[in-house]
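Below is one structure, written out as structure tokens, with a few remarks after it.
The values are calculated or read from the model by the stated rules, or taken from the named source; none is laboratory data. In this text the structure is predicted, and so the values were computed from the model without any measurement. Here Cβ is always computed from backbone atoms with ideal geometry, including for glycine, and neighbour counts include all displayed protein chains. We work out accessible area using only protein heavy atoms, side chains counted, and drop any ligands, DNA or RNA first. Shrake-Rupley method; radii C 1.70, N 1.55, O 1.52, S 1.80 Å.
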Amino acid sequence: MAMAVILLVVTGAALGWLVSVVRQVDDSYEIATNLAVGMVGAVVGGMILCPMIGGANPLLGMYGMATLVLSFGTACGALAVFHIASTRAIR
């Protein structure tokens, strides 16, 4: 179980870091925010949504390709929603 959760967190953190690189972010606060939002999105997708659609359940120690793809997708979605909301709040 712990290894699957760690893999979800690492997947989300890697995606958050990748978004920071693509957007050429220099502010350490924004990089940390991207990492946190990516991790939360990946954990929500992998631990909550994946078992709901019949995929592997990381809480039971199972981790499959569907879990990885879904956690990646929900982390992308969470980061997209976060950045849309933060740019609208600035305006």
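Condition first: of a type in the set (Val, Ile, Thr) and open to solvent by less than 40 Å² (accessible area, probe 1.4 Å). Can you find one or more residues in segment 49-70 that meet it?
Residues of segment 49-70 that are of a type in the set (Val, Ile, Thr), as a first pass: 53, 67, 69.
Add one more test, that the residue is open to solvent by less than 40 Å² (accessible area, probe 1.4 Å), and what stays is 67.
Yes - at least one qualifying residue is present in segment 49-70.
Which one of these is in a helix (DSSP H, G or I) and out of contact with any Leu (no Cβ under 8 Å at 6 or more places or on another chain): Ala14, Ala75, Ala56?
Values: Ala75 fails: out of contact with any Leu (no Cβ under 8 Å at 6 or more places or on another chain); Ala56 fails: in a helix (DSSP H, G or I).
Sole residue among the options that is in a helix (DSSP H, G or I) and out of contact with any Leu (no Cβ under 8 Å at 6 or more places or on another chain): Ala14.
Return the pairs, sorted by first residue and then second, in which the second residue is open to solvent by less than 30 Å² (accessible area, probe 1.4 Å), the first residue lies in segment 48-59 and is farther than 8 Å from Leu70 by Cβ, the beta carbons are less than 7 Å apart, and the residues are 6+ apart or on different chains.
These pairs meet every condition: Ala56/Cys50; Ala56/Gly64; Ala56/Thr67; Pro58/Ala4; Pro58/Leu8; Pro58/Gly46; Pro58/Thr67.
Residues of segment 22-37 being assigned to a loop (DSSP other than H, G, I, E, B) and either open to solvent by 60 Å² or more (accessible area, probe 1.4 Å) or among the aromatic types (Phe, Trp, Tyr) (or both), which ones? Before the answer, list the steps.
So the first thing to find is which residues in segment 22-37 are assigned to a loop (DSSP other than H, G, I, E, B), and the list is 23-27.
Scanning segment 22-37 gives Arg23, Gln24, Asp26, Asp27.
Using the structure shown, decide if Val40 is under 8 Å from the mean Cα position of the chain (by Cα) and open to solvent by 80 Å² or more (accessible area, probe 1.4 Å).
Details: under 8 Å from the mean Cα position of the chain (by Cα): yes; open to solvent by 80 Å² or more (accessible area, probe 1.4 Å): yes.
Yes, satisfied.
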